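Participant: Here it is: the structure, laid out below.
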Amino acid sequence: MSRLIHADCLKYMKSLPAHSIDLILTDPPYNIAQYSTGNIPLPGRSALNNDIASWDTIPLEPKDLLVDFKRILKPQGNIFIFTSYNLIGRWHEIFDPEFDTFQFFIWHKTNPAPKIYKNGFLNSCEMIICMWNRGHTWNFTAQKEMHNFFESPICMPPERLSDPKHPAQKPVRLLSHLIKIGSDPGDVVFDPFMGVGSTGVAAKLCGRKFVGCEIDSVYYKAACTRLQNMV
Ligand SMILES: C[S@@+](CC[C@H](N)C(=O)[O-])C[C@H]1O[C@@H](n2cnc3c(N)ncnc32)[C@H](O)[C@@H]1O
């Protein structure tokens with residue numbers, strides 16, 4: 001079962017019942033477009049999108065999400081949130097005092113965008129903050145599964161949509177890994193910033209229910225089509 005909503009999640013979340021969500025797995029805007037020096041031309045390829053998108057320029061305030069995230073999450077629930085270096089401090093300041101545990105997890109991209117001038121590190125890692133309270137769902141059987149690190153390529157065709165192109169589409173393989181660790185089959189996974197629905201695809205593949213919200217109508221429709229096409 002999937003429920004997809006075309007709305008501003010800050011408003012939509014108010015309608016979700018208390019303790020109705022097992023896992024919040026989400027990828028909100030990073031607000032990194034403000035540091036862009038412009039898109040980068042690449043020889044023989046389309047330019048590298050450094051400017052991200054207009055939605056990334058709207059400031060995200062972690063404090064605006066705290067009350068509803070805590071209210072809708074079940075006591076044994078987990079929260080996994082993608083973020084970046086510029087917002088990690090704000091997430092920690094607001095969320096760490098409210099949960100028993102605040103950790104981070106790294107996604108290492110094996111095929112990051114190149115830096116043709118070799119003037120800095122590749123942007124090959126993304127951070128996911130992970131929060132929970134004692135008694136949370138946690139599906140590990142061996143220490144070797146418990147590294148806070150996962151390697152996978154960035155989304156490539158055919159998984160990567162070409163129309164619409166979403167500059168931040170996340171790989172289903174990574175999302176499935178997180179869903180399996182932090183929830184049980186039949187649980188409800190919620191993604192308030194779902195983009196083109198990658199968390200929903202992963203939730204469905206993992207046998208979880210999904211609730212997703214997206215403010216942009218083009219991305220929302222793409223998410224609906226993607227999930228419908230899975231049958
Ligand atoms: C980083 S992208 C998520 C991409 C997603 N993980 C995927 O694989 O497609 C963040 C998304 O949040 C959406 N968004 C921004 N503000 C929102 C809001 N207040 N409510 C719902 N969606 C919002 C943007 O339109 C954008 O698609």
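The values are calculated or read from the model by the stated rules, or taken from the named source; none is laboratory data. A quick note: this is a predicted structure, and the numbers were derived from the prediction, not measured. All Cβ positions, even for glycine, are placed from backbone atoms using ideal geometry, and neighbour counts span all protein chains on display.
Yes/no matrix, rows are residues, columns are (1) in a loop (DSSP other than H, G, I, E, B); (2) more than 9 Å from the ligand (Cβ to nearest atom); (3) among the charged types (D, E, K, R):
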| residue | (1), (2), (3) |
| --- | --- |
| Leu4 | no, yes, no |
| His19 | yes, yes, no |
| Pro29 | yes, no, no |
| Trp55 | no, no, no |
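Participant: On to the next question. Is it the case that Leu174 is within 16 Å of the ligand (Cβ to nearest atom), at pLDDT 95 or above and not in a loop (DSSP other than H, G, I, E, B)?
Facilitator: yes
Participant: I'd like to verify a number: residues in the range 205-223 that are in a loop (DSSP other than H, G, I, E, B), within 9 Å of the ligand (Cβ to nearest atom) and among the hydrophobic types (A, V, I, L, M, F, W, C), how many?
Facilitator: Residues in the range 205-223 being in a loop (DSSP other than H, G, I, E, B), within 9 Å of the ligand (Cβ to nearest atom) and among the hydrophobic types (A, V, I, L, M, F, W, C): 1 in total.
Participant: Provide a single number: the residues in the range 89-132 that are at pLDDT below 95 and not aromatic (Phe, Trp, Tyr).
Facilitator: 11
Participant: Right, something else. Of all residues being more than 21 Å from Lys70 (Cβ to Cβ) and either within 10 Å of the ligand (Cβ to nearest atom) or among the acidic types (Asp, Glu) (or both) in the range 185-201, which is surrounded by the fewest Cβ atoms within 10 Å (Cβ to Cβ)? Just the residue, please.
Facilitator: Val201
Participant: Being crowded, with 16+ Cβ neighbours inside 10 Å, more than 16 Å from the ligand (Cβ to nearest atom) and of a type in the set (A, V, I, L, M, F, W, C) is true for just one of Leu122, Leu87, Leu60, Leu73. Which residue is that?
Facilitator: Leu73
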